[in-house]
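Undergrad: What follows is a single structure, and I will ask about it in a moment.
Here, each number is a calculation from the coordinates, and none is a lab measurement. In this text the structure is predicted, and so the values were computed from the model without any measurement. As a convention, Cβ positions derive from the backbone with ideal geometry for all residues, glycine included, and neighbour counts pool all protein chains shown.
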Amino acid sequence: MRDYYQEDYPTLDTPWHAVDYLAIDLETTGLDPMHDEILSVGFAPVRRGAVHMAEARHILVRPTRPVPEQTAIIHGLLDDRLAAAPPLEDVLPVVLKAMTGLVPLAHYAPVERRFLSHACKRLYGQPLIVPYVDTLRLEQRSVERQQETATKGALRLNAARERYNLPRYRAHNAMMDAIAAAELFLAQVAHMDTKRPPRLDEVSVG
């Protein structure tokens, strides 16, 4: 954590294209970090307005308890597949190293934010405090600017991508979802009706 916070980060008035990002996605056993666990982490860096596919990673995480059947059905991560995976305390440093100097980006970022912050607090004694880009929030703003009402499911990752003619990827694979969110972000920024490049504070949440 010390190394993570020692890195310089862009100020919130920095133009978005001058900022590097790390698109990140987690697959978990549920939505409550107090009781649920991270099962996989996927990430892909976005630098100078491009997704760097060669640096994308997918890391499985060995949970401390059996995976509930109702969540295994969704993401397909079963106990036997996760048994040989490293524990969270070995995976988290890899994730933090990848995030160092980059602004995290996710679709519905509160999930990633809560789980990673809780993991840092449990393992290192302090939460992870950093602004996130949330592509779901950006899409919601876009829909509202067009004076439309988002129908049920309209803000989901694949549904949002369809509005920008982006291809459909297989859902619930952490790396593919991270890449999908990264591509969606670039499309969203390209379609923003602004006279100047949006600043970081206009595309992120504190």
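Undergrad: Could you work out the relative contact order of the chain, using alpha carbon pairs under 8 angstrom and six or more residues apart, expressed as a whole percent?
TA: Details: 339 pairs, mean separation 59.0, N = 206.
For the chain, the relative contact order is 29 percent.
Undergrad: By its C-alpha gyration tensor, with a ≥ b ≥ c as the square roots of the eigenvalues, how is the range 30-131 shaped: rounded for a/c under 1.5, else prolate for a/b larger than b/c, else oblate?
TA: Working: a/c = 1.72, a/b = 1.36, b/c = 1.27.
Prolate.
Undergrad: Work from the charge dipole of the chain (Cβ charges, +1 for Lys and Arg, -1 for Asp and Glu, about the Cα centre) and give the residue of Ala56, Ala160, Val205 farthest towards its positive end.
TA: It is Ala160.
Undergrad: Give me Thr135, Thr11, Thr100, Thr64 ranked fewest to most by other Cβ atoms within 10 Å of their Cβ, as a rough exposure proxy. Walk me through the numbers on the way to the answer.
TA: Values: Thr135 28, Thr11 10, Thr100 14, Thr64 7.
By the 10 Å Cβ count, ascending, the order reads Thr64, Thr11, Thr100, Thr135.
Undergrad: Related question: Could I have the simple spin-label model distance between Glu162 and Arg196, label points 7 Å from Cα toward Cβ, reported in nm to one decimal?
TA: 3.7 nm
Undergrad: Of the options Trp16, Val67, Val111, report the single residue whose Cα projects farthest towards the positive end of the charge dipole of the chain (beta-carbon charges: Lys, Arg +1; Asp, Glu -1).
TA: Looking along the dipole axis, the top candidate is Trp16.
Undergrad: Ranking Glu69, Glu37, Glu162 by Cβ neighbours within 10 Å, fewest first, what do you get? Don't skip to the end; give the middle numbers.
TA: Details: Glu69 8, Glu37 20, Glu162 13.
Arranged by neighbour count, lowest to highest, Glu69, Glu37, Glu162 become Glu69, Glu162, Glu37.
Undergrad: Of Met99, Gly125, Thr151, whose Cα points farthest to the positive end of the dipole of the chain (charges on the beta-carbon: +1 Lys, Arg; -1 Asp, Glu; origin at the Cα centre)?
TA: Thr151
Undergrad: What shape does the chain have by the C-alpha gyration tensor, where a ≥ b ≥ c are the square roots of the eigenvalues, rounded means a/c under 1.5, and otherwise prolate means a/b greater than b/c and oblate the rest?
TA: On the way: a/c = 1.90, a/b = 1.31, b/c = 1.45.
Oblate, since a/c reaches 1.5 and b/c is not below a/b.
Undergrad: Sticking with this structure for a sec: By DSSP, what percent of the beta bridges with both residues in the chain are antiparallel, rounded to the nearest 5? Provide the component values of the computation, followed by the final result.
TA: Numbers: 17 of 23 bridges.
Given both bridge residues lie in the chain, the antiparallel proportion sits at roughly 75 percent.
Undergrad: Let me know the shape class of the range 68-174, please: from the alpha-carbon gyration tensor, a ≥ b ≥ c as square roots of the eigenvalues, rounded when a/c is under 1.5, otherwise prolate if a/b is greater than b/c, or oblate. Before the final figure, lay out the partial values.
TA: Details: a/c = 2.40, a/b = 1.43, b/c = 1.68.
Oblate.
Undergrad: Please state the charge dipole magnitude for the range 60-206, taken about the Cα centre, from unit charges on C-beta atoms (+1 on K and R, -1 on D and E), reported in debye and rounded to the nearest 20. Provide the component values of the computation, followed by the final result.
TA: On the way: 20 positive and 16 negative charges, 38 e Å.
I would put it at about 180 debye.
Undergrad: Let me ask you something else. Show me 177-189, 86-98 ranked by packing, highest mean number of other Cβ atoms within 10 Å first. Write down the numbers at each step before the final one.
TA: Values: 177-189: 23.5, 86-98: 16.2.
Those peptides, ordered most packed to least, come out 177-189, 86-98.
Undergrad: With a length cut of 18 Å (Cα positions projected on each helix's long axis) and a Kyte-Doolittle mean of at least 0.5, go through the chain and give me the DSSP H helices that pass. Let's see the in-between values first.
TA: On the way: long enough: 109-124 (22 Å, -0.44); 174-190 (24 Å, 1.47).
Helices meeting the criterion: 174-190.
Undergrad: With n ≥ 4 as the cut-off for DSSP H runs, can you work out [θ] at 222 nm for the chain, using -39500 (n - 2.57) per run divided by the number of residues, rounded to the nearest 500?
TA: After summing the helix terms and dividing by the residues of the chain, the value is -11500 deg cm²/dmol.
Undergrad: Sort 121-129, 26-34 by the packing proxy (mean of other Cβ within 10 Å over each peptide's residues), most packed first. The partial results should precede the final answer.
TA: On the way: 121-129: 14.0, 26-34: 16.6.
Ranked from most to least packed, the peptides come out as 26-34, 121-129.
Undergrad: Which lysines does Lys97 reach when only Cα atoms under 20 Å apart count, and residues fewer than 8 places away in its own chain are ignored?
TA: Straight-distance partners of Lys97: Lys121.
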